[in-house]
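Read through the structure below, which is laid out as structure tokens, and then see the notes.
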Amino acid sequence: MFQLQSSYKPAGGQPDAIQKLIDGVKQGQDEQTLLGVTGSGKTFVVANLIQEVQKPTLIISHNKTLAAQLYQEFRDFFPNNAVEYFVSYYDYYQPESYLPATDTYIEKDSDINEEIDRLRLSTTASLITRKDVIVVASVSCIYNLGSPIEYMKQIVELAKGMKIRLQDILLRLNQLYYERNDIDFQRGKYRLKGDTLDVYPSYQSYAIRLELLEDRITNISYFDPVSGEVLEKNNIPKDKKLSKAQEDFVKNQFGYGDKAIIYPAKHYVAPEDMHEQAMSQIRSDLEIRLKDLNDAGKKMEAYRLSQRTNYDLEMIKEVGSCKGIENYSRYFDGRKEGEPPHSLMEFFPKDYLLVVDESHITIPQIRAMYNGDKARKQTLVDYGFRLPSALDNRPLKFDEFERRMGQTIYASATPTEWELGRSKQVVELVVRPTGLIDPEIEILPSKGQIQDLEAKCKEVISKKERVLVTTLTKRMAEDLSGYFADKGFKVAYLHSDIQTLERSDILDNLRKGEYDILVGINLLREGLDLPEVSLVAILDADKEGFLRSQTSLIQTMGRAARHLQGKVVMYADTITASMQRAIEEVGRRREIQIQYNKDNNITPLSIQKPIRERILEKIIDIDESENIEEMEIEKFEFQTMSPKKQKDIIKKLELKMKTAAELLEFETAARLRDRVKELKSK
């Protein structure tokens, strides 16, 4: 099944870590921790583990960007296997919510990324079809996805020579949410010309052609919807870059021969005979809820709920769906009140491998998902915007997540007591393949810290190396950046107010040398991979708290561990307990690394890593004098602008809208959304 392909072999502490993890899995240990320092090659270790134990694997990361990087790495390691990417498919998501304090109702609004939607559907198709599957996912994998049993029941299998009427195939495609479109042929559509039927699966980049004669399938073929090229085993080039259609065709074993398997165009599928039963149950629950509201004297809430739910029922009856139908998912899934939703984890076999990347962040994030979701929806239920069934369209509770875990590997440089206490064994990966050792640590008094840091920055920059500086507040990060800029340094700051798309640009520009210094608050959050950084300065290191906890300090110091001359300077007047523990842990790791290099006659080498391909779209460059967010729409003189300028302004507003939604500033996001719609209509 799994075939690992790599140009390098395990080195440093990797062989020992790989073997221990393999032994743990084969001995049936449910949970293990891989304590791997920054730059030690945890991903390569996990890849070797998968190759040895040969189990379908789910890897959960705490954000989309890191998940995308892992996806790219595993896809390179396993080019002949199904490596899938499963994250939230929203580019922009503003959930339905109600703010009682201001009597503000915010309708759900979203912008779905079609390519990510395809990858999600490809994930479930692969899990149903084959065993050699690696899925890299964000925490969206614990959200409601629909029943895998119903999903599998809806699959259409066709074969050359099969006797079947064309009308029956079309009926089944419609039941799978495929739509006919003979002009605009795209994913999730089909087109018909005579007795030739083309189907464009929602989860692939190639299409299927079915040719029929006298109610019998006479031929099945596959083709590139863009070029029209027929895809066959023997016409796929081996020495050229493949198109997306060719890549998907090669990857999917079921895309060959005289058979075709067509999966639903959506994850949420329910048999037609469930619709009437579901609608009957919704009406019954509506009557009960209306009585409760009226008895409590909530006449307005009762009226609101009655109008809204009856409208939704009418829409479901007429067109088979309605806006916000996911709030009724329990009825269509056949679940009882309070029962957990079906998630991606249920598409995996019982005997699978789970890897929780950066577990010290990912586990708390998974634990928090349910309560945050419930708090928002409970308000909607209390004020008559939704039936109580909306509460059952939710992520898994943490105990439900635990029950669905396969054999688990927690991977982190700073695992918490929770992971360590549950693990049957803790496997340390302290020695890097490059021989690099953890950075030296220097503690200096806070008095005169800026002047001292300035001198150190000049020394580092003279050697064409880079500097990271961590502060405690956004204001200090901005002020310090301004101070260094006035002194002639090429400097930038990085914190949560910086748009997501701009952060990647700033990091890449630091590596390129357009900046020499990067000032931030919690730099470890970004998962920084910056081999050019040789100095990390931590201001106010003795201010106990989250940003100066043992975990945060170790993670921050690790940013200097990829450079041969890596060094950390802590500015502090006292040594706190967190500082002491962090210093002792880094010192312990240094001793192990130095001794290993001495015993094996290894000369450390700095990591050389090309600047990664841009994963996110580049931000639009607009004149800084135009503070679009603060301008009134009337002042734009929008219609007199050039088409390019209009497009740039709309794009900038959309980026601001998405960032506001990410920060849960839904009123700001709604205002920006309305402004975008108005401008587009002009």
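So which helices (runs of 4 or more DSSP H) stay within region 290-389 end to end and still have 2 or more residues that are β-branched (Val, Ile, Thr) and open to solvent by less than 50 Å² (accessible area, probe 1.4 Å)?
Here the list reads 299-319, 359-382.
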query: Taking the condition within 18 Å of residue 121 (Cβ to Cβ), modelled with pLDDT under 90 and not aliphatic (A, V, I, L, M), does residue 267 pass?
result: yes
query: Restricting attention to region 234-241, does a residue exist that is surrounded by fewer than 17 Cβ atoms within 10 Å (Cβ to Cβ), under 36 Å from the mean Cα position of the chain (by Cα) and hydrophobic (A, V, I, L, M, F, W, C)?
result: yes
task: Run down 116, 112, 106, 149 and say which single residue is open to solvent by 60 Å² or more (accessible area, probe 1.4 Å) and closer than 30 Å to residue 677 by Cβ.
output: 112
- prompt: Looking at region 117-231, what strands (runs of 3 or more DSSP E) fall wholly within it and have at least 2 residues that are over 23 Å from residue 319 (Cβ atoms) and modelled with pLDDT of 90 or more?
  reply: 133-137, 156-159, 196-200, 207-212, 217-223
query: Counting just the residues of region 420-435 that are open to solvent by 50 Å² or more (accessible area, probe 1.4 Å) and in a loop (DSSP other than H, G, I, E, B), which one comes out modelled with the lowest pLDDT?
result: 433
- request: Considering only region 629-682, state which residues are over 29 Å from the mean Cα position of the chain (by Cα), modelled with pLDDT under 75 and open to solvent by less than 30 Å² (accessible area, probe 1.4 Å).
  value: 633, 636, 638
- request: May I ask you to list the residues in region 44-63 that are buried (at least 19 other Cβ atoms within 10 Å of the Cβ) and part of a helix (DSSP H, G or I)?
  value: 44, 45, 46, 47, 48, 49, 50, 51
- request: Of the numbered conditions (1) more than 15 Å from the chain's Cα centre (by Cα); (2) closer than 18 Å to residue 137 by Cα, residue 38 fails exactly one; give the number of that condition.
  value: (2)
field: Every pair of residues 6+ apart whose Cβ atoms lie under 6 Å, when the first sits in region 436-453 and is part of a loop (DSSP other than H, G, I, E, B) while the second is of a type in the set (D, E, K, R)
entry: 437/590; 438/589; 438/590; 439/567; 445/573; 446/573
message: Restricting to region 487-502, and then to whatever is touching a helix residue (DSSP H, G or I) at 6+ places or on another chain (Cβ under 7 Å) and open to solvent by 60 Å² or more (accessible area, probe 1.4 Å), can you tell me which residue is modelled with the lowest pLDDT?
response: 497
Residues that are in contact (Cβ under 8 Å) with a residue 40 or more places away in the chain and open to solvent by 60 Å² or more (accessible area, probe 1.4 Å), drawn from region 182-196: 187
message: Being β-branched (Val, Ile, Thr) and under 21 Å from residue 460 (Cβ atoms) is the filter here; which residues of region 541-592 pass it?
response: 556, 568, 569, 586
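The values are calculated or read from the model by the stated rules, or taken from the named source; none is laboratory data. Predicted, not measured: the structure shown is a model, and the values here were computed from it. When we count neighbours, we look across all protein chains shown, and the Cβ atoms used for this are built from the backbone with ideal geometry, even at glycine. Note: accessible area is taken over every heavy atom of the protein model, side chains too, but ligands, DNA and RNA are not part of it. Shrake-Rupley method; radii C 1.70, N 1.55, O 1.52, S 1.80 Å.
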